[in-house]
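Data block below; observations after.
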Amino acid sequence: MPEEAASGNTPDLESLHHETQTFPPSKEFAAQANATADMYDQAAADPVEFWAAQARDLVTWKTPFTETLDWSGAPVARWFADGTLNAAYNAVDRHVAEGRGDRVAIHFEGEPGDTRTLTYADLQRETSRAANVLASLGVESGDRVVIYLPMIVEAVVAMLACARVGAPHSVVFGGFSADALRSRIADAEAKVVITADGGYRRGSASALKPAVDEAVAAREGAEATSVEHVLVVQRTGQDVAWTEGRDIWWHEALEAADVLHTPVWVEAEHPLFILYTSGTTGKPKGILHTTGGYLTQTAFTHKFVFDLKPETDVYWCTADVGWVTGHSYVVYGPLLNGATQVIYEGTPDSPDKGRWWEIVEKYKVTILYTAPTAIRTCMKWGEDIPNRFDLTSLRLLGSVGEPINPEAWLWYRRVIGADRTPIVDTWWQTETGAIMISPLPGVTVAKPGSAQTPLPGIMADVVDDDARSVANGGGGYLVLSQPWPAMLRGIWGDLERFKDTYWSRFRGIYFAGDGAKKDADGDIWFLGRVDDVMNVSGHRLSTTEIESALVSHPMVAEAAVVGAADETTGQAVVAFVILRSEFADGAVHEDVQELLRNHVAKQIGPIAKPRTILVVAELPKTRSGKIMRRLLRDVAEHRAVGDATTLADASVMDLIATGLTRPT
Ligand code: WT7
């Protein structure tokens with residue numbers, strides 16, 4: 001990439017700690033595993049037919065498809081295009097119709113300790129009611145609905161209700177600000193927003209509705225959004241402002257609604273959801289996913305990567321539905337497969353640091369899927385905390401969101417998995433919709449720190465700058481060379497940006513934005529992003545987006561943001577800012593850091609708050625004016641500053657170094 005030299009995120013092969021221990025599957029696990037080694041051969045023989053077989057086996061179609069893949073409109077794929085189906089029917093109704101209505105779908109655990117259990121039959125009644133409410137509000141197939149909810153049962157019900165009526169949902173993570181919510185609502189042109197009065201977080205009720213009120217209303221410089229109604233779930237009982245005619249209590253509307261609803265059958269390529277994610281520019285991208293292919297691959301991966309046995313397993317994915325992991329592995333994958341799962345509202349340390357393990361013990365969780373950042377946090381808290389609980393029900397552990405360092409992998413396996421459970425390190429992205437690269441439990445000899453192998457039916461490779469496949473031992477860029485069923489179908493409203501972002505770096509193949517290395521066996525090790533995307537606690541943040549937020553503050557003249565290595569969160573946001581001259585001369589505002597951190601929280605959300613803000617007099621730039629983030633990363637990570645010879649003004653780094661008197 002031409003910007004590469006300047007942004008400086010070249011995959012760093014040397015920094016990779018190579019763990020040489022391997023973990024073959026136990027005989028007992030292998031004997032009962034869903035996955036078999038010959039799946040790779042079957043898929044390799046005819047990948048398209050392999051996916052067709054999965055689609056017939058794992059998904060119920062209203063009208064069967066006769067055509068599997070149409071790639072003639074590349075890079076927009078069409079999978080199973082002449083088939084019709086409904087996602088909510090597949091996730092819920094068919095289980096009831098086939099006699100599984102009494103199976104528990106969701107064990108809900110609220111942060112304050114309230115619980116709720118829903119069977120598949122309960123879920124069918126709730127989603128049908130909610131679908132009838134949406135229909136009564138004029139939501140029709142194709143209309144967009146934004147969901148801004150805490151991690152409560154209603155979030156799942158709301159998503160499925162949208163799917164029932166054919167209305168693509170766009171879930172916005174509850175940690176995003178009113179401004180971020182507003183831009184997503186506007187971009188999706190949503191008709192309805194589903195929210196709550198608030199949710200419980202770290203022991204107290206945290207409001208959500210005020211952000212929605214602020215996001216949808218007209219204000220200076222912005223018209224009112226397209227939103228006609230706001231459905232409000234009562235979760236905390238806190239006071240809310242109310243706009244008559246627009247706002248509707250969820251519980252009142254559902255109570256009055258019919259429990260029967262016929263799902264709207266849609267074509268396989270009908271949009272199922274839009275999910276906004278950070279890119280390399282300031283504006284978040286609305287990643288578009290459609291129905292048939294997405295459901296096929298989420299069900300397939302959930303069944304084989306997690307070895308799901310729906311009659312006996314209790315599955316728990318700790319992700320929030322605001323992220324793609326929550327879409328694919330809390331909502332669609334598990335429910336399609338008829339799983340029993342745990343949903344937990346709050347944080348791992350509420351009311352104390354044993355909460356997660358207490359939940360595992362209480363519900364006898366067998367499969368746990370979480371992020372390296374959470375594992376590292378638990379490591380820091382100490383193993384005596386999980387050791388206090390009975391975790392013997394666990395039989396498989398998963399990891400997602402960022403590379404898992406071997407040390408965390410080994411701790412996860414030893415302390416949480418009793419040195420017995422397989423671990424699956426699953427690589428994928430919002431864009432890929434479902435897991436792409438992962439060991440298969442019961443088949444793969446696991447290597448701590450490596451995601452290892454593309455799943456059957458997935459064609460991934462590591463290539464050099466000229467798109468040539470690197471030899472084993474080499475490093476480069478991760479690409480996906482053939483279309484896959486759950487792939488994004490575009491960026492909402494911006495086909496050009498879709499082509500530019502993913503398909504222009506290497507002609508005709510998908511560029512993921514990740515650096516990777518192949519080891520001597522050809523197994524894949526991920527090395528982090530090679531673009532201006534940061535990964536903080538497994539959440540994707542854009543350097544440019546945070547820079548834009550910073551310069552929108554009147555005190556800031558210029559800003560540069562980098563992701564600096566952080567022991568717990570993987571990366572942390574570090575911002576370098578130049579203040580406007582009227583603020584910069586001599587007396588730096590005492591709480592400028594706090595002021596700007598809060599400004600970013602207001603603009604984007606608390607998750608984007610820089611860990612550190614450094615006020616500097618200059619930023620290192622190339623002669624063409626491009627900020628050399630590589631050098632700033634050296635500063636942020638307290639390293640000797642690397643090669644600065646391409647700087648327009650070589651003295652800048654000294655200036656920055658001497659000016660760094662007050663790191664926060
Ligand atoms: C980026 C995608 C996939 C759901 C959560 C994040 C990084 C994700 C791994 C992994 C190494 C990983 C990549 C990827 N990533 N999983 N197992 N090993 N890196 O979804 O927000 O779309 O971010 O997360 O850099 O590109 P996302």
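Data table
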quantity	calculated
Count of residues meeting criterion [assigned to a loop (DSSP other than H, G, I, E, B) and either among the basic types (Lys, Arg) or within 12 Å of the ligand (Cβ to nearest atom) (or both)] in segment 435-444	4
Those residues of segment 333-351 which are among the hydroxyl-bearing types (Ser, Thr, Tyr) and either closer than 30 Å to ARG56 by Cβ or not assigned by the TED database to the domain that holds PRO386 (or both), in sequence order	THR340
Test: residue in segment 305-318 that is within 16 Å of the ligand (Cβ to nearest atom), within 19 Å of ALA486 (Cβ to Cβ), of a type in the set (A, V, I, L, M, F, W, C) and more than 16 Å from the chain's Cα centre (by Cα)	yes
Whichever residue in segment 504-541 is charged (D, E, K, R), more than 11 Å from the ligand (Cβ to nearest atom) and part of a loop (DSSP other than H, G, I, E, B) and, among such residues, is farthest from the chain's Cα centre (by Cα)	ASP521
Qualifying residue in segment 23-39 (condition: in a helix (DSSP H, G or I) and hydroxyl-bearing (Ser, Thr, Tyr))	no
Only listed residue being out of contact with any helix residue (DSSP H, G or I) (no Cβ under 6 Å at 6 or more places or on another chain) and within 10 Å of the ligand (Cβ to nearest atom), chosen from THR432, THR392	THR432
Hits in segment 263-319 (condition: β-branched (Val, Ile, Thr) and either free of Cβ contacts under 8 Å to residues at least 12 places away in the same chain or part of a helix (DSSP H, G or I) (or both))	THR296, THR298, THR301, VAL305
Unmet criterion (only one of (1) out of contact with any Phe, Trp or Tyr (no Cβ under 7 Å at 6 or more places or on another chain); (2) within 16 Å of the ligand (Cβ to nearest atom); (3) in contact (Cβ under 8 Å) with a residue 60 or more places away in the chain; (4) over 26 Å from VAL96 (Cα atoms)) for ASP349	(2)
Residues that are outside any loop (DSSP other than H, G, I, E, B) and out of contact with any helix residue (DSSP H, G or I) (no Cβ under 8 Å at 6 or more places or on another chain), drawn from segment 86-103	ARG94, ALA97
Residue tally, condition within 13 Å of the ligand (Cβ to nearest atom) and over 18 Å from MET436 (Cα atoms), over segment 492-503	1
Residues satisfying the stated conditions in segment 445-457, i.e. more than 14 Å from the ligand (Cβ to nearest atom) and of a type in the set (Val, Ile, Thr)	VAL445
Residue tally, condition in contact (Cβ under 8 Å) with a residue 60 or more places away in the chain and more than 17 Å from GLY245 (Cα to Cα), over segment 184-228	10
Number of the condition not met by LEU181 [criteria: (1) surrounded by fewer than 24 Cβ atoms within 10 Å (Cβ to Cβ); (2) under 22 Å from the mean Cα position of the chain (by Cα)]	(1)
Residues of segment 352-389 satisfying the condition of being part of a helix (DSSP H, G or I) and within 15 Å of the ligand (Cβ to nearest atom)	PRO372, THR373, ALA374, ILE375, ARG376
Every pair of residues 6+ apart whose Cβ atoms lie under 9 Å, when the first sits in segment 632-650 and is free of Cβ contacts under 8 Å to residues at least 24 places away in the same chain while the second is assigned to a loop (DSSP other than H, G, I, E, B) and β-branched (Val, Ile, Thr)	ASP634/VAL641
Tally of residues being touching a helix residue (DSSP H, G or I) at 6+ places or on another chain (Cβ under 7 Å) and either in a strand (DSSP E or B) or of a type in the set (S, T, N, Q) (or both) across segment 216-241	6
Hits in segment 193-206 (condition: over 23 Å from the mean Cα position of the chain (by Cα) and surrounded by 14 or more Cβ atoms within 10 Å (Cβ to Cβ))	ASP197, ALA205
Some residue of segment 542-561 being within 16 Å of the ligand (Cβ to nearest atom), in contact (Cβ under 8 Å) with a residue 12 or more places away in the chain, among the charged types (D, E, K, R) and assigned to a strand (DSSP E or B)	no
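The values are calculated or read from the model by the stated rules, or taken from the named source; none is laboratory data. Everything numeric in this text was worked out from a predicted model, so none of it was measured. Every residue, glycine among them, receives a Cβ derived from its backbone with ideal geometry; neighbour counts consider all protein chains shown.
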